[in-house]
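Beneath this line is the structure, given in structure tokens, with notes to follow.
The values are calculated or read from the model by the stated rules, or taken from the named source; none is laboratory data. This is a predicted model, so every value here is computed, not measured. Cβ sites come from the backbone with ideal geometry, for glycine too, and all protein chains shown count toward neighbours. Side chains are part of the model used for accessible areas, which takes the heavy atoms of the whole protein and leaves out ligands, DNA and RNA. Shrake-Rupley method; radii C 1.70, N 1.55, O 1.52, S 1.80 Å.
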Amino acid sequence: MKTAVAVAIAALAAAAPAGAAQRFAVIAGNDEGSQGRARLWFAERDADRMAQALRELGDFSAGNVVLLHGKDADELRAAISSLDQKILTAKAGGERTLLFVYYSGHAGNAGLELGTSTLNYADLRAIVNASPADAKVAIVDACDAGRLTQLKGASFVSAVDFALPSDEVQGTAFIASSAAGESAQESAAIGGSFFTHHFEIGLRGAADADGDGQVTLSEAFRYTAVRTTSGTTGTEAGPQHPMYDIKMSGRGDVVLADLRRAEATLRFPPDSQATFIVKGPHNLLAEVPGAADTVALALPAGNYTVERRAPEGRAEAQLTLARADVLTLPALSPTRYERARQKGGPAPLVAFAGGGVSAVSLPNFGIAPSLRAGVRTELGQFGLRIQAEVARKDVIDQQFKYTYWSATAGAALVAPLLYGPVFVEGGILGGYGLASQAEGGTNQTHLASGPLAGGVLQATMRLGHMRLGLDLEGEARFFNLNGSAVAKPAASLSLVALFNP
């Protein structure tokens, strides 16, 4: 079986070069399935992305690409058949022809589910095979799509077993995103289905295994199959296994993308330990695995955010690609703080110190200047803060004058709330406090002490070699007053600097 699969994959090289063919495509996406099916998130968006990639890189002219959103089975049949006359005209003019059919949506045992209508697998095969195009490629990204390649008589054995003249290519390739009985999965994180996402990124250059600047169907399938299976291994539905049935003859390659046609190119330097997340115009989102060699990605011009994720942490860059640009991504290395932040907090031990104001629920108290200092360390997925704060103020309450001072010590368990240029974390606080009132002109001093409980919130951003931010704390302080237990609310806000001791 392994030998047959290897031979079949090799047969994908049997089609005309991109420049010798006129290319036609029907791209269909339908978020709705039969009654009782949940509406899909990204099927129609998948179709948009596939059509965009083919127009940008595949030499498919806009007039030869039919894009269908939410259409039924009859409309899909009609769209494929409507290209027959154009294909015959091109062949009469001596051109080689390629038909590319793509569907993303629901499917089941009976076939493709386009809303309330169904196109069974045998009918789809018959429609595609009936096309007068020299080479036909049909891709179905749907649950249970493997039935398209497992009908009686399907074979994985190539017709190519001897040399044939160049460009004498004919035959059909059926590609399914999942095996029979498997779920085809989509992901909110990547904004599309796993299979189509990786197929598109493969066409944009990630699948260019030989580095010749062209992506063939065989390269795209190999790349997509590996990435789809590995990307779904940890999902609830389990791994998804793309399938194929290929019967083609000839020499050359079915070139689906020519990277030289790109508006711009972003080159990723060798970095096999990293994964790059690329966000750009037209809702483009790409997850690109780092490799031992340079990877070139063909992209539309525009503004991009590139995030590098690696075992030591994450780093991010903003860049602009103009038309005809060929840019190499600069080295992205996370700082010490950000490397540790991926595990739930700053560096393993961070000290912080600063000053601000505090307020206590006492008559005519207002606010008092305060100083705060502490350290923070990792505790699993959380951070543990140990801190102390002192405050002092001379207070005039009508005719009563006194000097107030307080000292508190506490511990807080915190967790990240927001990542980005401004990092925010918050958590719960517990501790103990001591306060005194020393009456002016007398020797009388009143002391009170007791536990405190509340919460902390800290927002910081990088400034040079340290971080600077605001530290907000609110708590209730419990103590005895005239033999009774009372609670007084208190709050403080400090400007703090964080640094590694």
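Within the stretch 436-464, residues that are over 23 Å from Gly410 (Cβ atoms) have Cβ atoms under 6 Å from residues that are open to solvent by 50 Å² or more (accessible area, probe 1.4 Å) and part of a loop (DSSP other than H, G, I, E, B) in these pairs: Met461/Pro421, counting only partners at least 6 apart in sequence or on another chain. Taken over the stretch 334-361, the criterion of being at pLDDT below 80, in a loop (DSSP other than H, G, I, E, B) and open to solvent by 40 Å² or more (accessible area, probe 1.4 Å) is satisfied by Thr335, Gln342, Lys343, Pro348. Being outside any strand (DSSP E or B) and modelled with pLDDT of 90 or more is a property that does not hold for Thr229.
Tally time: how many residues in the stretch 59-98 are in a strand (DSSP E or B) and modelled with pLDDT under 95?
Total meeting the criteria: 3.
The set of residues from the stretch 172-191 being assigned to a loop (DSSP other than H, G, I, E, B) and under 13 Å from Leu285 (Cβ atoms) comprises Ala188, Ala189, Ile190, Gly191. One residue alone among Leu470, Leu434, Leu447 is at negative phi, in a strand (DSSP E or B) and open to solvent by less than 80 Å² (accessible area, probe 1.4 Å), and that residue is Leu434. For the stretch 374-407, taking the residues that are over 36 Å from the mean Cα position of the chain (by Cα), open to solvent by 90 Å² or more (accessible area, probe 1.4 Å) and not hydrophobic (A, V, I, L, M, F, W, C), the one that is nearest to Leu498 (Cα to Cα) is identified as Arg392. Look at (1) touching a Leu at 6+ places or on another chain (Cβ under 9 Å); (2) modelled with pLDDT under 95 and you find that Tyr103 fails only one, number (2). Filtered by the rule that a residue be in a strand (DSSP E or B) and either among the β-branched types (Val, Ile, Thr) or open to solvent by 30 Å² or more (accessible area, probe 1.4 Å) (or both), the stretch 408-423 gives Thr408, Ala409, Ala411, Leu413, Val414, Pro416, Leu417, Leu418, Val422. The one condition from (1) at pLDDT below 75; (2) within 19 Å of the chain's Cα centre (by Cα); (3) among the basic types (Lys, Arg) that Arg204 does not meet is (1).
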